[in-house]
Amino acid sequence: MKIAFVGKGGSGKTTLSSLFVRHLSAAGVPVVAVDADINQHLGPALGLDEEEAAAFPAMGAHLPEIKEYLRGANPRIASAETMIKTTPPGHGSRLLRVTEDNPVYGACARPLPLEGGKARLMVTGPFNESDLGVACYHSKVGAVELFLNHLVDGRDEYVVVDMTAGSDSFASGMFTRFDMTFLVAEPTRKGVAVYRQYKEYARDYGVALRVVGNKVQGPDDLEFLRAETGDDLLVTVGHSDWVRSMEKGRPPHFASLEEPNRSALRVMHETADASYGSRDRERYTRQMVHFHLKNAESWGNERTGADLAAQVDPAFVLDERLTLAR
């Protein structure tokens, strides 16, 4: 199950995504956590200190290796250099599983003991000084998009992605790569403005969107969110002493998280799990191809010197029942 957390900057999406990862790990569910935000805070939210977080390998730095591995023996892809962030898999491509060991995880992921379980963490890498004025951050998340495009995941396997803030998520087709998107919204006009924008953009792509109200302090906050988001409002989360301790670097045992907040996480898990029944593998593959062709025409063909439309395998549908190429 591929799960995205989105919301405006400061809404608490990283905190909520880290709590969801902890909940899954405590439940014994295999999980890969991916920090795809321009501000790399998911690692510290999962208990890493700043030095440990800074030492994590950046996915963007390993993009050539990732492309070469995923290309496999796909005859439609002449070389790794002709792959772009939206290149779809086809027959002969190497696909990825949540629980396996592979060179992509070996280069970019690190195991993270959490709540009696174990998660894998991957990060895009920070936007640093050498990028200023010459690079777009979305070029860094290209490795995440390729990862999701080649991932075959089952019902009881989770990939949780902390997305970049606000409407920047729509600068690529990655917003269509998920079974469920949780939009974290504060009970303010700015908090729900991102919700309205996200819902409008996502409407034509069948994106499953539910709102998680954060920093809800009373009935007035709850009524405001209900009025603004309607049936999309799934759960709300209020003040948490546990989260405050975690943010100070002294997290207590996860079992001591307040029951209302634990209940919200259980509802989110149940809702995400139920979305498996709505999976449309053909639509997922079709949307992947749609954004690849858009990128090919607008910049990819010129940059690579290749006809990237020829990379599309019309007989291929991404499905977790596929036998993986090695």
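The values are calculated or read from the model by the stated rules, or taken from the named source; none is laboratory data. Computed from a predicted structure; not experimentally measured. When we count neighbours, we look across all protein chains shown, and the Cβ atoms used for this are built from the backbone with ideal geometry, even at glycine. Heads up: the accessible areas ignore ligands, DNA and RNA and are worked out on the full protein's heavy atoms, side chains in. Shrake-Rupley method; radii C 1.70, N 1.55, O 1.52, S 1.80 Å.
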Checked pairs for the range 18-36, first closer than 16 Å to Met163 by Cα, second open to solvent by 20 Å² or more (accessible area, probe 1.4 Å), C-beta under 6 Å and 6 or more apart or across chains, list as Val32/Arg120
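Based on this model, can you work out whether Arg155 counts as of a type outside the set (S, T, N, Q), at pLDDT below 90, assigned to a loop (DSSP other than H, G, I, E, B) and surrounded by fewer than 23 Cβ atoms within 10 Å (Cβ to Cβ)?
Taking the combined requirement at face value, the residue satisfies it.
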Just one listed residue, out of Ala272, Ala306, is more than 19 Å from the chain's Cα centre (by Cα) and either closer than 22 Å to Ala80 by Cβ or open to solvent by less than 40 Å² (accessible area, probe 1.4 Å) (or both), and it is Ala306
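In the set Ala73, Ala36, Ala80, Ala61, which member is over 22 Å from His269 (Cα atoms) and at pLDDT below 95?
Numbers: Ala73 fails: at pLDDT below 95; Ala36 fails: over 22 Å from His269 (Cα atoms); Ala80 fails: at pLDDT below 95.
None of the other options fit; the residue is Ala61.
Taking the condition assigned to a helix (DSSP H, G or I), modelled with pLDDT of 95 or more and open to solvent by less than 40 Å² (accessible area, probe 1.4 Å), does Val98 pass?
Numbers: assigned to a helix (DSSP H, G or I): no; modelled with pLDDT of 95 or more: yes; open to solvent by less than 40 Å² (accessible area, probe 1.4 Å): yes.
Here the answer is no, as Val98 does not meet what is asked.
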Within the range 251-268, the residues that are more than 12 Å from Ala26 (Cα to Cα) and under 18 Å from the mean Cα position of the chain (by Cα) are Met268
Expected single match for modelled with pLDDT of 95 or more and either more than 17 Å from Ser17 (Cβ to Cβ) or of a type outside the set (Ser, Thr, Tyr) (or both) among Val141, Val104 is Val104
So, first residue closer than 14 Å to Arg22 by Cβ in the range 250-263, second residue open to solvent by less than 70 Å² (accessible area, probe 1.4 Å) and among the charged types (D, E, K, R), Cβ within less than 7 Å, six or more apart or across chains; the pairs are Phe254/Arg22; Phe254/Glu115
Given the conditions (1) touching a Phe, Trp or Tyr at 6+ places or on another chain (Cβ under 6 Å); (2) open to solvent by less than 10 Å² (accessible area, probe 1.4 Å); (3) under 15 Å from Asp162 (Cβ atoms), every one holds for Leu121 apart from (1)
Of the listed residues (Glu297, Glu270, Glu320), the one being in contact (Cβ under 8 Å) with a residue 40 or more places away in the chain and of a type outside the set (Val, Ile, Thr) is Glu320
